[in-house]
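Visitor: Sharing a structure here in structure tokens format.
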Amino acid sequence: MSIDQIISSGLLELYVMGDLSPAELAIVEKAMEEDESVRNEVLKIEKTLEAYAFKYAVPVAPSAQAMLLATVNFTDRLKNGEVPGNPPTLNPQSKITDFSQWLERADMQEPEEYDSMYGRIINSDEVQTTMIIWLKEGAPDETHTDEFEKFLIVEGSCDITIGEDVHSLKSGNFLSIPLFVNHNVVVTSEVSCKIILQRTAA
């Protein structure tokens with residue numbers, strides 16, 4: 001196959017997307033080694049696809065991004081042999097010390113740098129997810145239709161608005177969010193608000 005045929009065949013686009021068979025991959029890699037025009041064409045395709053991806057990218061909510069990263073971390077920990085803990089169910093009598101074994105772990109501390117929200121999952125299954133989260137400024141509006149959300153404030157303070165009601169919370173305070181009611185969080189302390197967050201299937 002000539003260089004012109006390789007460039008016009010669509011193989012280079014498939015190469016950039018990682019979708020070549022082993023035989024096709026060998027052809028493209030050999031052509032890239034031998035011809036600068038093939039290498040330049042690959043760079044051009046990469047830049048074009050990157051520009052397309054940025055143009056049509058859907059913004060990700062900070063809470064969704066933090067949850068995804070926390071889930072990846074939790075999955076990796078399980079793969080590396082961690083036995084999931086059994087955190088207690090949050091309730092109005094819950095105390096911060098109930099979660100000491102996780103709050104004191106070196107791998108469950110607030111990092112020096114992160115965007116607006118950071119989290120570490122204590123345990124997660126089909127029924128309930130319990131995690132430690134840190135909020136720098138707050139969390140945007142959301143409404144839960146299939147899970148109850150509960151908070152235990154560990155450090156800092158925040159205002160949680162549920163519908164029209166504002167709840168000012170500080171260390172040691174508990175709050176439960178009802179289903180189908182819009183709510184948001186605004187951090188009111190100079191330090192990040194550290195929270196035990198628990199979501200339980202309705």
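Visitor: What FRET efficiency would be calculated for the residue pair Glu137, Asn86, taking the C-beta separation as r and a Förster radius of 30 Å, to the nearest 0.05? Show your work: numbers first, answer last.
Guide: Details: r = 32 Å, r/R0 = 1.07.
That pair, Glu137 with Asn86, gives E of 0.40.
Visitor: Sort Cys158, Cys193 by Cβ crowding within 10 Å, fewest neighbours at the top. Intermediate results must be reported in sequence, preceding the final value.
Guide: Values: Cys158 25, Cys193 28.
By the 10 Å Cβ count, ascending: Cys158, Cys193.
Visitor: Then there is this: Spin-label point model (7 Å from Cα, Cβ direction): what's the Phe174 to Asp125 distance in nm?
Guide: If labels sit at Phe174 and Asp125, their model points lie 2.1 nm apart.
Visitor: Is there a quick way to get the dipole size of the chain? I mean about its Cα centre, with the Cβ of Lys and Arg at +1 and of Asp and Glu at -1; what is the value in debye to the nearest 20?
Guide: Numbers: 15 positive and 34 negative charges, 148 e Å.
The dipole of the chain has a size of about 700 debye.
Visitor: Hey, of [x] 186; [y] 123; [z] 111, which did the structure itself give for volume of the Cα convex hull per residue in Å³ when calculated?
Guide: Evaluating volume of the Cα convex hull per residue in Å³ on these atoms matches [x].
Visitor: Rounded to the nearest 20 debye, what is the charge dipole size of the stretch 1-43 about its Cα centre when +1 sits on each Lys and Arg Cβ and -1 on each Asp and Glu Cβ? Mind dumping the intermediate values first?
Guide: Values: 2 positive and 10 negative charges, 14 e Å.
Dipole of the stretch 1-43, to the nearest 20 debye: 60 debye.
Visitor: How far is it, in nm, from the label point at Leu78 to the one at Tyr56 when both lie 7 Å from their Cα along the line to the Cβ?
Guide: Calculated label separation equals 3.3 nm.
Visitor: Now for a separate question. What list do you get for Ile45, Ile121 if you sort them by fewest beta carbons within 10 Å? Kindly include the intermediate steps, with their values, before the conclusion.
Guide: Details: Ile45 17, Ile121 24.
Starting with the residue having the fewest Cβ neighbours, the order is Ile45, Ile121.
Visitor: I would also like to ask the following. Which number gives the lysine pairs in the chain that have C-alpha atoms under 23 Å apart and are eight or more places apart or on different chains?
Guide: Lysine pair count for the chain: 14.
A short reminder: the numbers here are calculations on the coordinates, not readings from a lab. Since the model is a prediction, treat every value here as computed from it, not as a measurement. Quick reminder, even Gly has a Cβ in these numbers, built from the backbone with ideal geometry, and neighbours come from all protein chains shown.
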